[in-house]
Amino acid sequence: MYPYCEDVFIYTRRYLDVMQECHIDERALMRHLKSLPGCRLDAYPDGSIQIVGASAQADFCRMAQEPIGEYDERLMFGEEDYAKAKVHCGGTTYSSLMAFEERRWCVRDWLGPASQRGNSNVCVPTQQQFPRMEEYPLDALLISVAFKRRLTKPKRAKLVTALAEWRNSVRSNGVFGEGPIRWSDGAITFYKKVAQFQVDASESGQCTINWLILSLMTHAINNPIADVCFTKTPGINVTFEEHYGLSEDDRIVMQLPQIDESPASTLPIDTPDIDGTSRVPAEAQPLPDITPQHFKMLVQEPCTADSLLVTILFEQLPNDVDRDSFADTVSEWAGIGLLGGFGDGFHSVHDLVYSHDTDSAWFLCDLGLADSHIALRVLANIFDAWFQHNVTIEAVVVGGNLSVEQLAYLNQE
């Protein structure tokens, strides 16, 4: 009989995106969940949401999971051959690694069209699974990823890219500030259907391991995975090597690309965006003596304290949960200023406004006689901390003229 442990549910960004098709207001739902006692919502770097709290999970199930399940059934009934129709809802359930707090993690995913259903039965064996299995120590954690089909050269290259992105995202702080995971040699060993690598997770936590599993599930959409294994044996009296028939004759070792250690402050101002163009105004210059670690803090004319425009350029617009929380943080900064926390009181601060077309946000403020340098330095520090909380910022631009759209918005308030 399984021992009792708390269930924590994780919903992938693909799953949450289906809410729109089911006419569910994701933003309103997340606000409701956050208002419940004992609820905690955490957003992974890809926008997947982790829900802690029985009442919050029950409400999410009633308000979102059940309608999405009914929508899945309607899609199946719409298939020409219902007998061969496959569900779109999938995922995996697994337990925490031995060293971490005992919990059961339930990942819910949306698998997309029939051609993209390779991750429907990803299995994640850990020591809490039955029968009990011996687990590698965290400081030398061996992770084995077994695929359903032989790994071709292009697929090996894609996995290296996916793992490099995960490595880069957790090497400093992990996720949710749990602590870093280090990959000292950057080596991945490939066999016919298996990839193995070893990391040091002794300073990190289970949620950072969850982020690896979520990354691998995304990769599995186009390269189906059977097992993500953290144990020495996948079954009774059978080693992982025996189960998958690993042979030295099939062994290929590849290296992750090296990490660029250049500090963010040395990047050129006109760093191009994903589409090859930069959204940073050409006339913007570095703000003196304010040098955030993870983004550029810039200033452009006109820049006046009584009508100061602050524009935040995201690399990608945050999801609804992070958007609300980010706006709350800006409001806290504004509250300090309005109460005179920066030498004198702000006169006014307008609410944060998001722009979907440009992946940006902006607000207008009148700093009055407050020390603008101190105020902006505190704001930069707040945004720097938010970079580590999955809100990735390209630049913050202080000053500049209001656009026609911004003026129209302010006139409507």
Q: Would you kindly derive the ³J(HN,Hα) couplings of the range 164-179 from the backbone phi angles with the Karplus curve 6.51 cos²θ - 1.76 cosθ + 1.60 (θ = phi - 60°), listing them in order in whole Hz, with x for Gly and Pro?
A: 5, 5, 5, 4, 5, 7, 10, 6, 9, 9, x, 10, 6, x, 5, x
Q | Rounded to whole Hz, the Karplus (6.51, -1.76, 1.60) HN-Hα couplings of the range 142-148, x for glycine and proline | A | 8, 10, 10, 10, 9, 9, 7
Q | Interchain or long-range residues, amide H under 5 Å from R103's placed H | A | S96
**Q.** Entries of K34/K296; K153/K193; K158/K296; K86/K193; K155/K193 with Cα pairs more than 20 Å apart
**A.** K34/K296; K158/K296; K86/K193
Q.
Give me a comma-separated list of calculated 3J(HN,Hα) values for the range 347-360, in order, Karplus coefficients 6.51, -1.76, 1.60 applied at θ = phi - 60°, integers in Hz, x for any Gly or Pro.
A. 7, 6, 9, 6, 4, 5, 10, 9, 10, 5, 5, 10, 6, 9
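Values in this text are rule-based calculations from the coordinates and carry no lab data. Everything numeric in this text was worked out from a predicted model, so none of it was measured.
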